[in-house]
1. For A:ALA79, work out the one condition from (1) within 8 Å of another protein chain (Cβ to nearest Cβ); (2) hydrophobic (A, V, I, L, M, F, W, C); (3) within 22 Å of A:VAL209 (Cβ to Cβ); (4) not in a helix (DSSP H, G or I) it doesn't fulfil.
2. Pull up segment B:147-158, narrow it to residues that are under 20 Å from B:ARG186 (Cα atoms) and under 20 Å from the mean Cα position of the chain (by Cα), then point me to the one that is modelled with the highest pLDDT.
3. Quickly run through segment A:304-325 and pick out the residues that are at pLDDT 80 or above and part of a loop (DSSP other than H, G, I, E, B).
4. What residue, among those in segment A:133-143 that are at pLDDT 85 or above and closer than 12 Å to A:LEU170 by Cα, is surrounded by the fewest Cβ atoms within 10 Å (Cβ to Cβ)?
5. So A:SER68 ticks every box in (1) part of a strand (DSSP E or B); (2) at the interface with another protein chain (Cβ under 9 Å from one of its Cβ atoms) but one. Which box is left unticked?
6. Is there a residue being assigned to a strand (DSSP E or B) and farther than 22 Å from A:LYS202 by Cβ anywhere in segment A:33-42?
7. Given the structure, is A:LEU107 under 27 Å from A:GLY51 (Cβ atoms), over 20 Å from the mean Cα position of the chain (by Cα) and more than 9 Å from every other protein chain (Cβ to nearest Cβ)?
8. Can you tell me which residue is nearest to the chain's Cα centre (by Cα) among those in segment B:176-198 that are in a helix (DSSP H, G or I) and at the interface with chain A (Cβ under 7 Å from one of its Cβ atoms)?
Amino acid sequence: MTKVLDVSGLKTHFFTRAGVVKAVDGVDFSVSKGEIMGLVGESGSGKSITGFSVLGLIDPPGRIVDGSIKFNGQELANAGEEQFQRLRGNRISMIFQDPMMTLNPVLRVDTQMIEAILAHENVTRQAAWERSRDALGLVGIPSPEERLRAYPHQLSGGMRQRVAIATAFLNQPDLIIADEPTTALDVTIQAQIIYEAQQLTKRTGTAMVWITHDLAVVAGLVDRISVMYAGRIVEQGGIDDVIDRPRHPYTVGLLGSVPTANRRGKRLFQIEGMTPNVLDMPKGCAFGPRCHARTEACREEPAIEDVDGRRLRCFNPQRQAEVVS
Amino acid sequence: MTDMTAATPATPDAAKVETPFQRFRSEFFESRVATFALATFGVIVLLAVLAPWITPQNPYDLAQVDVMDGRLAPGSEAFAGYTMWLGSDGAGRDLYSAILYGLRISLAVGLASGVIALLVGTVIGLVAAYAGGRIEAIIMRIVDLQLSFPASLVALMLVAALGKGVDKIILALVVAQWAYYARTVRGTALVERGKEYVEAAQCLGISKARIVFRHILPNCMAPLIVVGTVQTASAISLEATLSFLGVGLPQTEPSLGVLIANGFEYMLSGRYWISVFPGLALLFTVVSINLVGDHLRDVLNPRMRK
């Protein structure tokens, strides 16, 4: 399969007055055509910054300090604003978390969608309007002609997110980065949105990076998963491998923290402690201080290695039996 | 207002889709004071526009003015045969006619300078907000500097330097007022720029200029409209002040301020009408605009909505 996006050794640091925040500190992953890759982690693990880096949306004091982002063979890590402007919305699209915030409240849906097409292509307004209408139809919006005339405040949250997804797919991009697109929606709508996204990637062959903190969401959606912790990927592999047989203690902990129906009355598993202070990372393994399986070896920084058909950054790979004592 | 579904069935039909403007209009007319003020202002504008057709005299056509009619009390009959309901001034001009002609000039000057200052200030404010950094710092320090002087002082100095004339006083008013708009727009634009829809627009590859003028600017309109109305009213009274002081418009282009100044010397001799009636006209104009502006602020500010 051809790699649409190939990120290697990506480091995005923020040079703040208080010190250097290594938000993304050496991340490697790739996404192929038609593939959905889940990027999972807690708040502050650097997953969103990774997404923004790909789109060149890192504002000062942040900056990509190292690594490469290859998009269809084109290097983006040091690309200029003009190059990005041609790609954004055209070859790479983004779907944001809160659909209440991402549509301009004073412009009608049709204005915003047509604009997204005309920014990249020289077609008539009529053609752009027809494409917008068809795109809305594809994401399951009933009577798209009327929705096109609506203002964002007249649409529900789920409807707005569908509009956002339709807009992202408008120019048939090669890659879509979805930053927690279902977090602000309730579960029934979540399921519908995930279904639509899956269908669209299948149909168009668009590659997708789905950023989320919700393992339940990725389990049924993505093909491969990368678990991030403190700016690095700690475990990466096929979704079934990682979800069914997690090896990294952090992944084990995350999966253990998902409330399930048969646990009623039992205390829910919790990963001890908090995500580390970004300005004061622990020495050695960043997850070390919170890890239930830490040993002397963890004072050193573990490298990412191929273990058991996946990439893993840990000295003490877990067995399923050891989960949650 | 997000909750349209409560009022309309699951699929609202196209005809009922309410634009933000329609919603704004229906909310505005809920207030009787504001409706009344707007109506008053409408009547004033109408009177000013129709002045040549509804006045008995063109007070600045010397052939029509008779010095023998000078300082007649309200209700007197002019030499030409018509009744001077508001009396006449020292030169024999019918005050009713003079006030309507004066309104024309006052409104024209006020609106023109308001619109120009709004355009200039908006563009400068948007540039400051979007450019950021040094450009923003320089622009905003100039704005601060200017706002630390009273607007009337700035205008007074400029008019003194430029001389009399409609164009010059408009220029002076624009210079005295653009900073208010620039500061308002920059403040709102900074807030809007940080919102996600701007980032989303960037992600769609939309050009910077388009984001600023098509996405950010319309979202800054609410405070801009409010400041615009209030500043227009203050431009009208500022112009009257300058004209009253004798540095504004010349006698040949008489605004309300000029008329008030003309009657000022007769006040103590009991001929109150020469100053008072133009003064009342000015008062009604400015108060009605301000009332409309106040209510606009209430309607356009979501925090003050019931």
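1. Among (1) within 8 Å of another protein chain (Cβ to nearest Cβ); (2) hydrophobic (A, V, I, L, M, F, W, C); (3) within 22 Å of A:VAL209 (Cβ to Cβ); (4) not in a helix (DSSP H, G or I), the lone unmet condition for A:ALA79 is (1).
2. B:LEU147
3. Once the filter is applied, which keeps residues that are at pLDDT 80 or above and part of a loop (DSSP other than H, G, I, E, B), segment A:304-325 yields A:ILE304, A:ARG313, A:CYS314, A:PHE315.
4. For segment A:133-143, the residue satisfying everything is A:ASP134.
5. It is condition (2) that A:SER68 fails.
6. Scanning segment A:33-42 turns up no residue that is assigned to a strand (DSSP E or B) and farther than 22 Å from A:LYS202 by Cβ.
7. In short, no.
8. Out of the qualifying residues, it is B:TYR197.
The values are calculated or read from the model by the stated rules, or taken from the named source; none is laboratory data. In this text the structure is predicted, and so the values were computed from the model without any measurement. Positions of Cβ are backbone-derived with ideal geometry, glycine not excepted, and every protein chain shown enters the neighbour counts.
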